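Encoded as structure tokens, the structure appears first; notes follow it.
The values are calculated or read from the model by the stated rules, or taken from the named source; none is laboratory data. Every value quoted in this text rests on a predicted model; they were computed, and no experiment measured them. Heads up, the Cβs are rebuilt from the backbone with ideal geometry, glycines too, and the neighbour counts pull from every protein chain shown. Surface areas here come from the heavy atoms of the whole protein model, side chains and all, with no ligands, DNA or RNA. Shrake-Rupley method; radii C 1.70, N 1.55, O 1.52, S 1.80 Å.
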Amino acid sequence: LLSRELKEATRVTSLVSNSSFRSVTLTNAVDRVGISLVWDADDRTLVLNETGSSFLTNKLLLTACDRCDFTLYNHAVTFGGGKASLNPAMNLADCKVLGLSWSCTTNLGKITNRITQSTRIALRNKLN
């Protein structure tokens, strides 16, 4: 669900980041849909909000989410030290790839389960 929605976005329109709240907003100009990923530290949730669409409005993606970070990349690759890395986007308009990383923790009695994941999703329909 998340990958499909983000891949079809045409541009990033907003990035907000502070200690208790992070969000990234994208638009799909082709389908006339607005997409927001919103992380709330107090609620420990990651929610996908979609506007302009009748089939989805709010979707809870993660609970017990202790950390979530969004990183914007352009499509240029830098080679060094035997590996390739994406370059950070200098502004919203340059973003071609969205990086998303998160960490979730749950406690089951004496057992603590921590999961950390990350992904990078290319905006296939990016308009220049």
In segment 85-128, residue modelled with the highest pLDDT [restricted to those that are hydrophobic (A, V, I, L, M, F, W, C) and farther than 24 Å from Arg22 by Cα]:
Ile111
Single residue of segment 51-63 satisfying the filter (surrounded by fewer than 13 Cβ atoms within 10 Å (Cβ to Cβ) and small (Gly, Ala, Ser)) that is farthest from Thr10 (Cα to Cα)
Ser54
So, Ala64, is that one at positive phi and in contact (Cβ under 8 Å) with a residue 40 or more places away in the chain or not?
yes
One residue from Asp94, Asp69 being over 20 Å from Glu8 (Cα atoms) and of a type outside the set (Gly, Ala, Ser):
Asp69
Would you kindly identify the strands (runs of 3 or more DSSP E) lying entirely within segment 15-79 that contain at least 3 residues that are within 12 Å of the chain's Cα centre (by Cα)?
21-28, 33-40, 45-51
Quick one: is Leu48 open to solvent by 70 Å² or more (accessible area, probe 1.4 Å) and touching a residue at least 12 places away in the same chain (Cβ under 8 Å)?
no
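Residue by residue, here is whether (1) of a type in the set (S, T, N, Q); (2) at pLDDT 95 or above holds:
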| residue | (1), (2) |
| --- | --- |
| Thr25 | yes, yes |
| Gly34 | no, no |
| Leu37 | no, yes |
| Ser53 | yes, no |
I'd like to verify a number: residues in segment 85-125 that are of a type in the set (D, E, K, R) and either open to solvent by less than 50 Å² (accessible area, probe 1.4 Å) or assigned to a strand (DSSP E or B) (or both), how many?
3
Name every residue in segment 64-84 that is surrounded by fewer than 13 Cβ atoms within 10 Å (Cβ to Cβ) and modelled with pLDDT of 95 or more, in order of residue number.
none
When residues of segment 1-22 are limited to those that are free of Cβ contacts under 8 Å to residues at least 40 places away in the same chain and farther than 21 Å from Leu127 by Cβ, the one most open to solvent (accessible area, probe 1.4 Å):
Ser19
